[in-house]
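Peer 1: Structure incoming, see below.
The values are calculated or read from the model by the stated rules, or taken from the named source; none is laboratory data. Being a predicted model, the structure only gives us computed values, none of them experimental. No Cβ is skipped: glycine too gets one built from the backbone with ideal geometry, and neighbour counts run over all protein chains shown.
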Amino acid sequence: MTLANKRILLIIGGGIAAFKTLDLIRRLRERGASVTPVLTRAGAEFVTPLSVAALAGSKVYTDLFDLTDEAEMGHIQLSRSADLIVVAPATADLMAKMAQGHASDLATTLLLATDTPVMIVPAMNVRMWDHAATQRNLATLRGDGIAVIGPESGDMACGEHGPGRMSEPLQIAAAIEGALSGGPLKGRRILVTSGPTHEPIDPVRYIANRSSGAQGAAIARALTALGAEVVFVTGPADTPPPGGVDLHRVETADQMLDACRAALPVDVAICAAAVADWRVASASSCKMKKTKGGLPQLELTENPDILATLSQPGPQRPALVVGFAAETDDVIENATAKRQRKGCDWIVANDVSPQTGIMGGSDNEVTLITDAGAEGWPRMSKDEVAARLAVRIAADLN
Ligand code: CTP
């Protein structure tokens with residue numbers, strides 16, 4: 001019962017994803033939370049007050065001007081008696097109203113009147129999400145200290161493909177657990193890059209590497225468990241992404257850098273991705289055909305170095321930047337030089353020689369390199385490395 005005695009005020013906005021919120025209510029109650037639902041007028045077009053009330057085991061609040069409720073419990077008290085306010089789905093319209101400080105119905109009034117932490121779970125059409133106005137509102141809301149979960153990319157109910165799909169109920173429940181855990185990283189925003197990148201040669205072929213994304217996913221999970229808000233930027237990895245993170249899927253190094261820049265400001269950046277060092281200078285827009293004339297000549301160009309870019313001094317530089325160094329020989333010397341070259345604060349170095357069995361395995365044996373020198377950690381599981389790193393980060397920040 002990870003959410004025992006926690007009180008969640010759940011605002012259900014008007015989007016097709018509202019049906020997933022019904023499952024979220026179930027997941028939250030399974031974890032011991034009490035859920036007080038507020039259904040916006042638009043939300044009631046998608047789910048009925050009766051089904052919400054039945055699942056929540058609670059009265060559903062629907063209208064600011066319900067005099068009985070005003071007598072029993074005013075909207076200000078309603079918004080303040082919760083441990084967390086969750087807006088799911090957070091529609092483009094609700095986000096805009098929140099960013100502007102509207103108080104035009106019960107949901108927006110109590111969001112404005114509250115001093116309780118707020119988490120939003122956006123869901124909308126991909127064009128609406130990408131629109132400059134929504135992105136502006138998103139930046140405003142983040143700046144106001146509101147936690148943002150998702151949205152995820154994928155096929156949408158409207159038939160389009162891209163970011164806009166509401167995160168899954170289990171992911172949202174994990175994020176709520178993290179936010180309410182009161183862990184040592186509560187209130188910290190941490191960027192984690194993970195997985196390989198795919199660099200296109202033509203529409204069907206790409207340059208890639210064998211990174212599974214296991215260590216990056218484990219780190220994100222460990223940070224979430226300590227209460228951090230994690231922005232997880234991942235290339236196409238085999239390991240499924242962890243729950244409870246702000247998930248951004250990318251393909252190429254360029255896209256990864258863009259997603260990282262968009263995530264700033266963050267308190268900590270951890271670059272666990274195996275970014276391809278090179279890409280094809282001009283990928284073909286049509287499938288390349290075999291010709292009798294000879295083999296294709298692929299001209300390569302260097303990819304941006306994300307770790308070095310994030311480490312550059314400036315107002316947006318995270319307080320702590322952590323890189324990885326996978327080496328096969330002279331591990332400590334090479335990793336120490338890499339720390340200098342990239343300008344990061346810590347390097348987690350490991351020996352990936354075939355005889356260690358680390359590449360693709362579940363264990364890892366790392367050396368943490370900081371300005372205080374090299375610190376060897378015993379061989380342990382990737383989950384334990386992640387947990388230990390998360391605790392070290394918490395100690396460094398606090
Ligand atoms: N990294 C990055 N962007 C790149 C390349 C690497 O962010 N384009 C990050 C990785 O996520 C990792 C660290 O840099 O944290 C080490 O990457 P590595 O590829 O080992 O470093 P290189 O600069 O390529 O050095 P070497 O050629 O010695 O392998």
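Peer 1: Take region 228-282 and flag every residue that is in contact with a Leu (Cβ under 6 Å, 6 or more places away or on another chain) and either part of a loop (DSSP other than H, G, I, E, B) or of a type in the set (G, A, S) (or both).
Peer 2: Scanning region 228-282 gives A228, P241, G243, A263, V266, A269.
Peer 1: Among L111, L55, which is modelled with pLDDT of 90 or more, within 27 Å of the chain's Cα centre (by Cα) and closer than 29 Å to S181 by Cβ?
Peer 2: Answer to the selection: L111.
Peer 1: Just one of the numbered conditions (1) crowded, with 23+ Cβ neighbours inside 10 Å; (2) touching a strand residue (DSSP E or B) at 6+ places or on another chain (Cβ under 8 Å) is not true of K6; which one?
Peer 2: Among (1) crowded, with 23+ Cβ neighbours inside 10 Å; (2) touching a strand residue (DSSP E or B) at 6+ places or on another chain (Cβ under 8 Å), the lone unmet condition for K6 is (1).
Peer 1: Looking at region 332-358 only, could you name the residues that are closer than 22 Å to Q316 by Cα and either touching a Ser or Thr at 6+ places or on another chain (Cβ under 6 Å) or not assigned by TED's automatic domain parsing to the domain that holds R392 (or both)?
Peer 2: Answer for region 332-358, where residues must be closer than 22 Å to Q316 by Cα and either touching a Ser or Thr at 6+ places or on another chain (Cβ under 6 Å) or not assigned by TED's automatic domain parsing to the domain that holds R392 (or both): K342, G343, C344, W346.
Peer 1: Filter region 302-319 for residues that are in contact (Cβ under 8 Å) with a residue 12 or more places away in the chain and within 15 Å of the ligand (Cβ to nearest atom) and give the result.
Peer 2: If the condition is that a residue be in contact (Cβ under 8 Å) with a residue 12 or more places away in the chain and within 15 Å of the ligand (Cβ to nearest atom), then E302, N303, P304, D305, I306, L307, A308, T309, L310, S311, Q312, P318 are the ones that fit.
Conditions (1) within 14 Å of the ligand (Cβ to nearest atom); (2) modelled with pLDDT under 95, marked per residue:
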{"residue": "D254", "(1), (2)": "yes, no"}
{"residue": "A259", "(1), (2)": "yes, no"}
{"residue": "A262", "(1), (2)": "no, no"}
{"residue": "A269", "(1), (2)": "yes, no"}
{"residue": "A274", "(1), (2)": "yes, no"}
{"residue": "D277", "(1), (2)": "yes, no"}
{"residue": "S282", "(1), (2)": "no, yes"}
{"residue": "S285", "(1), (2)": "no, yes"}
{"residue": "K292", "(1), (2)": "no, yes"}
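Peer 1: State whether one or more residues within region 147-160 are at pLDDT 90 or above and in contact with an Asp or Glu (Cβ under 8 Å, 6 or more places away or on another chain).
Peer 2: Within region 147-160, the first condition is being at pLDDT 90 or above, and the residues that meet it are none.
No, region 147-160 contains no residue that is at pLDDT 90 or above and in contact with an Asp or Glu (Cβ under 8 Å, 6 or more places away or on another chain).
Peer 1: Does S153 satisfy the condition of being touching a residue at least 40 places away in the same chain (Cβ under 8 Å) and in contact with a Lys or Arg (Cβ under 6 Å, 6 or more places away or on another chain)?
Peer 2: yes
Peer 1: How about region 296-393: which strands (runs of 3 or more DSSP E) wholly inside it have at least 2 residues that are buried (at least 16 other Cβ atoms within 10 Å of the Cβ)?
Peer 2: Once the strands (runs of 3 or more DSSP E) in region 296-393 are filtered for at least 2 residues that are buried (at least 16 other Cβ atoms within 10 Å of the Cβ), what remains is 320-327, 346-351, 366-370.
Peer 1: Would you be able to say whether some residue in region 149-172 is at positive phi and touching a His at 6+ places or on another chain (Cβ under 8 Å)?
Peer 2: yes
Peer 1: Can you tell me which condition H102 does not meet? The list is (1) part of a loop (DSSP other than H, G, I, E, B); (2) free of Cβ contacts under 8 Å to residues at least 60 places away in the same chain; (3) closer than 24 Å to L170 by Cβ, and all the others hold.
Peer 2: Unmet condition: (3).
Peer 1: Given G343, G360, G323, which one is under 25 Å from the mean Cα position of the chain (by Cα) and near the ligand (Cβ under 10 Å from one of its atoms)? Outline the logic, then answer.
Peer 2: Details: G343 fails: near the ligand (Cβ under 10 Å from one of its atoms); G360 fails: near the ligand (Cβ under 10 Å from one of its atoms).
After ruling out the rest, the residue left standing is G323.
Peer 1: Still on this structure: What are the pairs with Cβ atoms under 7 angstrom where one residue, in region 261-278, is over 15 Å from D246 (Cα atoms) and the other, located anywhere, is of a type in the set (D, E) and near the ligand (Cβ under 9 Å from one of its atoms)? Sequence gap at least six, or different chains.
Peer 2: D277/E302; W278/E302
Peer 1: Would you mind stating whether L28 is buried (at least 19 other Cβ atoms within 10 Å of the Cβ) and at pLDDT 95 or above? I'd like the intermediate steps shown before the answer.
Peer 2: Numbers: buried (at least 19 other Cβ atoms within 10 Å of the Cβ): yes; at pLDDT 95 or above: yes.
Here the answer is yes, as L28 does meet what is asked.
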